[in-house]
Amino acid sequence: MENIVEKSRIARILDSDIWHSFTRSPVAIISSIVTLIVIFSAVFAPFIAPNDPFDLVAIDIMDSSLPPAWEVEGDPRFLLGTDDQGRGILSTIMYGARISLFVGFASVIFSMIVGISLGLISGYVGGRTDAIIMRIADIQLSFPAILIALLLDGVARGLVPKEMHNDVTIYVLVFAIGISGWVQYARTVRGSTLVEKNKEYVQAARIIGIRPGTILRRHVLPNVMGPVMVIATIHLAIAIITEATLSFLGVGVPPTTPSLGTLIRIGNEYLFSGEWWITIFPGAALVILVLAVNLLGDWLRDALNPKLR
Amino acid sequence: MELLDIKGLQIEFPSRRGTVVAVKGVNLTVRPGEVLGVVGESGAGKSTIGNAVIGLLDPPGQMSGGEVFLKGEKINDLSYEEKRKIRGRRIGMIFQDPLTSLDPLQTIEQQLVETIELHLKLGKKKSRERAVDLLHQVGIPDPEVRIQNYPHQFSGGMRQRVVIALALCAEPEVIIADEPTTALDVSIQAQILELMRKLCREKQVGMLIITHDMGVIADITDRVAVMFQGNLVEEGTTQKILGNPDHPYTKSLISAVPRADVRLRRFPMVDYIEKEEDRKMLLDISTHWLGQGRDFGKIEGPLISVKDLVMTFVTKPAFLKKNRQSFNAVDSVSFDIKQGEVFGIVGESGSGKSTVARIISGLYKPASGAVFFDGTDLTQLGSEKKMDVFRKQMQMIFQDPFSSLNGRMRVMDIVAEPIRFHKLASSNREVETIVTDLLEHVGLGRQAAVRFPHEFSGGQRQRISIARALATRPRFLICDEPTSALDVSIQAQILNLLKDLQEELGLTMLFISHDLPVIRQMCDRVGVMKMGKLVEVAETEALFTNPQAPYTQELLSLMPKLDKLSHKGLDVETS
């Protein structure tokens with residue numbers, strides 16, 4: 001016991017079982033690299049994208065509907081070709097991924113905040129409060145998430161004045177996707193809270209006199225976060241898909257700031273006139289991103305709870 | 001000839017942090033009709049031996065050396081299929097938890113008859129006759145009827161009898177029993193041990209009994225093997241090992257066992273396994289932080305007074321009140337605890353003793369009755385703020401050292417939490433000084449503060465719990481089975497520590513335990529609880545020498561007899 005000095009946070013992470021499991025799993029390494037590349041190229045799109053698809057000065061209608069660079073009529077400036085307005089597909093994908101990822105992350109965080117708080121309260125307080133929250137969750141679960149998102153989107157469109165539509169749609173989208181996903185978090189957190197609240201460290205805190213709010217925040221919350229992180233990762237993939245679906249249906253983000261879903265919808269119209277690249281490449285990008293995030297989530301679930309396999 | 005012969009057994013558990021050798025070159029033999037005890041503390045490798053013999057080592061564990069012979073036949077290198085045939089047929093097994101070793105979805109008949117048919121190749125009718133006969137032998141009343149019951153329809157002790165019947169049903173040559181009575185109450189333990197002893201003699205079966213409990217060893221075994229950190233340190237007749245041990249580990253282990261017949265001042269030489277950091281010895285309470293703010297004034301009457309406490313638990317919840325079913329876990333319990341006294345509550349599981357502790361500490365609200373602390377009724381306080389004054393004076397130490405500390409917090413923050421909450425120190429620096437001082441005071445080094453709970457052993461964690469409980473400068477400490485999850489030598493250390501602290505700080509204590517010898521060592525007065533009722537309250541000496549209530553007499557008579565144990569070097573308190 002003599003010579004033990006405080007281990008730094010990084011040293012503890014590198015020594016942990018989860019890091020060990022990560023370095024042994026090629027799936028986890030590859031999917032996290034892919035995810036990081038997509039996130040990186042999305043975040044830094046304004047600096048690394050070959051051209052700016054939203055700079056009206058730079059767009060030339062003469063470049064419209066060019067096939068990918070390796071085709072006969074391709075142009076080396078546009079690696080993956082251009083759409084009907086002469087915007088480079090690669091660049092629109094990078095900008096589009098920005099929107100998709102923003103909506104994905106924001107709605108997951110929103111879901112987490114709502115779901116975790118309600119789950120903690122439900123599990124810790126119990127009784128009527130618990131029954132009411134969980135019945136609301138049950139009711140919501142009986143509707144498909146996409147339906148709730150569509151409904152909320154429709155309501156928001158009715159309430160917000162027309163000229164503000166384009167500015168607020170993205171936040172409406174975050175709210176709609178976020179609110180349709182909180183139930184999972186609430187249920188998981190409630191279950192873990194029921195276990196944790198009967199553990200003796202929570203009772204010790206109660207005997208000291210710590211108030212319920214502090215007990216939940218300081219003692220229970222850190223101990224229920226494990227499964228939540230797994231759900232969040234898988235939920236991120238679902239949220240991105242939901243956003244794409246909504247945008248594909250035309251109720252998502254406006255075409256002026258297209259997300260991957262919007263790009264697929266726009267391209268869809270050209271699919272049968274031979275301009276396949278307009279829709280295939282955004283679609284492939286979406287599949288790769290969602291698959292990588294999903295595999296990462298699966299790995300995380302197995303690593304945190306080997307018994308679940 | 002030896003029935004079971006284990007030679008040079010070596011078992012390894014490879015892991016990414018290096019290979020752990022769990023058992024190092026152990027030699028053991030079991031003769032027909034003999035009970036061999038393997039005793040040791042957690043991590044000594046005793047259960048691993050049992051699992052290796054029957055070929056059920058948990059992966060990645062593996063036998064890396066040695067041989068196992070059953071009646072002269074080498075069985076350790078048999079194929080999985082051949083080992084499976086030996087298990088149950090030639091080697092019977094009894095595990096710790098009778099609840100999980102029976103299939104809850106099958107009746108006792110199905111389980112017994114199936115096993116008998118499989119191993120003895122008898123017909124259905126013959127098998128059933130044999131099953132009924134076995135149940136009769138293990139002392140289950142009405143076996144013809146009871147055989148059709150499911151496991152959950154039996155009590156814990158009865159279930160363990162069924163498990164023994166299951167182990168015996170194929171007429172095995174050897175029985176391996178891994179902690180067979182640890183999950184049972186004392187009164188049932190005595191019956192089960194007697195039964196095992198008798199059957200072993202009658203049927204000339206060899207038995208290997210693995211346990212941490214010296215009481216079980218003294219009760220049932222002929223010979224004892226003492227394990228320590230994977231090594232067999234000493235082997236001999238039970239008489240010899242308990243009465244006149246040679247190895248220093250065995251000596252310290254035996255001296256650490258709490259006795260019911262004498263009261264010790266302190267437990268001697270108990271740091272063989274886990275060295276206690278040099279504890280700051282007796283401190284000057286008038287100048288030390290722990291002594292400040294303790295001028296509570298002289299109190300009249302008892303410090304704690306419990307009046308007609310009733311606690312009801314709902315067993316069958318329902319929407320309408322009249323449909324709800326409930327039972328009284330605590331039923332009109334009243335007692336007083338004087339200032340500076342250690343009051344014990346003893347009782348078997350389900351007697352309501354822990355519930356009483358939780359009501360006094362404010363975790364449960366009683367259905368009726370009152371808890372007076374220095375004259376104030378705690379159940380009528382109402383507001384949290386008013387309660388805080390009393391919370392500061394009253395702290396609790398829990399049973400399970402693995403769940404009583406928040407694994408996500410550093411020890412520093414765990415111990416500092418009550419100090420910060422009750423604002424007992426003015427600056428962060430002061431808090432840190434107090435915490436390191438407290439940690440040193442409970443026998444942990446100051447380095448402990450920056451580490452996380454999972455880096456400590458059970459005993460060390462219990463010390464952290466004690467430090468946290470002391471951090472509010474309490475005058476009343478509730479200890480709910482503080483050592484029942486610990487090994488004997490660690491238990492002795494913790495009991496010594498609690499005794500020292502109680503003397504130094506003049507603490508009043510409520511000490512709850514199912515273990516009568518521990519109660520004898522710790523308490524001034526004792527209350528005996530049975531099914532939610534307090535059946536007797538008496539001075540400790542009087543209770544042990546002259547029990548009044550019939551239930552107390554029964555409890556005392558069923559206690560494992562430890563009179564064979566050596567008394568050498570004990571610091572006996574003389575009244």
Apart from one, (1) over 26 Å from the mean Cα position of the chain (by Cα); (2) facing another protein chain (nearest Cβ under 8 Å); (3) part of a helix (DSSP H, G or I); (4) surrounded by 18 or more Cβ atoms within 10 Å (Cβ to Cβ) all hold for B:Ile419; the odd one out is (2)
Which numbered condition trips up A:Asp130, out of (1) out of contact with any strand residue (DSSP E or B) (no Cβ under 9 Å at 6 or more places or on another chain); (2) within 27 Å of A:Leu249 (Cβ to Cβ)? (2)
How many residues does the stretch B:78-131 contain that are small (Gly, Ala, Ser), closer than 30 Å to B:Asp185 by Cβ and part of a helix (DSSP H, G or I)? 1
Answer with yes or no whether B:Asp388 is over 30 Å from B:Asn496 (Cβ atoms) and at the interface with another protein chain (Cβ under 10 Å from one of its Cβ atoms). yes
Out of A:Pro222, A:Pro227, I need the residue that is under 17 Å from the mean Cα position of the chain (by Cα), under 30 Å from B:Arg358 (Cβ atoms) and of a type outside the set (Ser, Thr, Tyr). Which one? A:Pro227
Scanning the stretch A:167-204 for residues that are within 14 Å of another protein chain (Cβ to nearest Cβ) and among the acidic types (Asp, Glu), which turns out nearest to A:Met229 (Cα to Cα)? A:Glu196
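Filter the stretch B:538-557 down to the residues that are outside any loop (DSSP other than H, G, I, E, B) and surrounded by 16 or more Cβ atoms within 10 Å (Cβ to Cβ) and list them by number. Step through it out loud before you land on a result.
Looking only at the stretch B:538-557, we keep the residues that are outside any loop (DSSP other than H, G, I, E, B), and these are B:538-545, B:550-557.
Selection gives B:Ala538, B:Thr540, B:Leu543, B:Phe544, B:Tyr551, B:Thr552, B:Leu555, B:Leu556.
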Restricting to the stretch A:163-218, and then to whatever is more than 23 Å from A:Leu147 (Cα to Cα), small (Gly, Ala, Ser) and touching a residue at least 40 places away in the same chain (Cβ under 8 Å), can you tell me which residue is surrounded by the fewest Cβ atoms within 10 Å (Cβ to Cβ)? A:Gly191
Condition test on A:Val189, is it at pLDDT 90 or above, over 26 Å from the mean Cα position of the chain (by Cα) and assigned to a helix (DSSP H, G or I)? no
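For the subset of the stretch B:425-463 comprising residues that are closer than 23 Å to B:Glu503 by Cα and within 11 Å of chain A (Cβ to nearest Cβ), which member is surrounded by the fewest Cβ atoms within 10 Å (Cβ to Cβ)?
The residue in question is B:Gly445.
In the stretch B:160-193, how many are in contact with a Lys or Arg (Cβ under 8 Å, 6 or more places away or on another chain), touching a residue at least 40 places away in the same chain (Cβ under 8 Å) and of a type in the set (A, V, I, L, M)?
Residues in the stretch B:160-193 being in contact with a Lys or Arg (Cβ under 8 Å, 6 or more places away or on another chain), touching a residue at least 40 places away in the same chain (Cβ under 8 Å) and of a type in the set (A, V, I, L, M): 3 in total.
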Residues in the stretch A:90-109: is at least one under 15 Å from the mean Cα position of the chain (by Cα), farther than 30 Å from A:Asn198 by Cβ and surrounded by fewer than 17 Cβ atoms within 10 Å (Cβ to Cβ)? yes
Considering the stretch A:128-149 alone, what residues qualify as being modelled with pLDDT of 85 or more, in a helix (DSSP H, G or I) and not β-branched (Val, Ile, Thr)? A:Arg128, A:Asp130, A:Ala131, A:Met134, A:Arg135, A:Ala137, A:Asp138, A:Gln140, A:Leu141, A:Leu147
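Let's see how each residue does on (1) modelled with pLDDT under 85; (2) exposed (fewer than 14 other Cβ atoms within 10 Å of the Cβ); (3) not in a strand (DSSP E or B):
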site	(1), (2), (3)
B:Val26	no, no, no
B:Ser47	no, no, yes
B:Asn51	no, no, yes
B:Gly55	yes, no, yes
B:Val68	no, no, no
Checked the stretch B:220-233 for anything over 17 Å from B:Asn51 (Cα atoms) and either of a type in the set (Phe, Trp, Tyr) or crowded, with 23+ Cβ neighbours inside 10 Å (or both); matches are B:Ile220, B:Thr221, B:Val224, B:Val226, B:Phe228
Name the single residue, out of those in the stretch B:391-408 being more than 7 Å from chain A (Cβ to nearest Cβ) and not in a loop (DSSP other than H, G, I, E, B), that is farthest from B:Gln339 (Cα to Cα). B:Ile397
Among the numbered conditions (1) at the interface with chain A (Cβ under 8 Å from one of its Cβ atoms); (2) surrounded by fewer than 18 Cβ atoms within 10 Å (Cβ to Cβ); (3) touching a Ser or Thr at 6+ places or on another chain (Cβ under 8 Å); (4) of a type in the set (Gly, Ala, Ser), tell me where B:Ala370 comes up short. (1)
If you check A:Glu243 against the conditions, is it of a type outside the set (S, T, N, Q) and modelled with pLDDT under 90? yes
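Restricting to the stretch A:22-38, and then to whatever is among the hydroxyl-bearing types (Ser, Thr, Tyr) and modelled with pLDDT of 90 or more, can you tell me which residue is farthest from A:Asp302 (Cα to Cα)?
Kept after step one, since they are among the hydroxyl-bearing types (Ser, Thr, Tyr), are these residues of the stretch A:22-38: A:23, A:25, A:31-32, A:35.
Subsequent filtering for residues that are modelled with pLDDT of 90 or more retains A:31-32, A:35.
Working: A:Ser31: 15, A:Ser32: 15, A:Thr35: 19 Å.
If we take residues in the stretch A:22-38 being among the hydroxyl-bearing types (Ser, Thr, Tyr) and modelled with pLDDT of 90 or more, then A:Thr35 is farthest from A:Asp302 (Cα to Cα).
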Restricting to the stretch B:132-145, count the residues that are in a helix (DSSP H, G or I) and either on the phi > 0 side of the Ramachandran plot or not hydrophobic (A, V, I, L, M, F, W, C) (or both). 5
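The values are calculated or read from the model by the stated rules, or taken from the named source; none is laboratory data. None of these values were measured; they are calculated from a predicted model. Every residue, glycine as well, gets a Cβ built from its backbone with ideal geometry; the counts of neighbours run over all protein chains shown.
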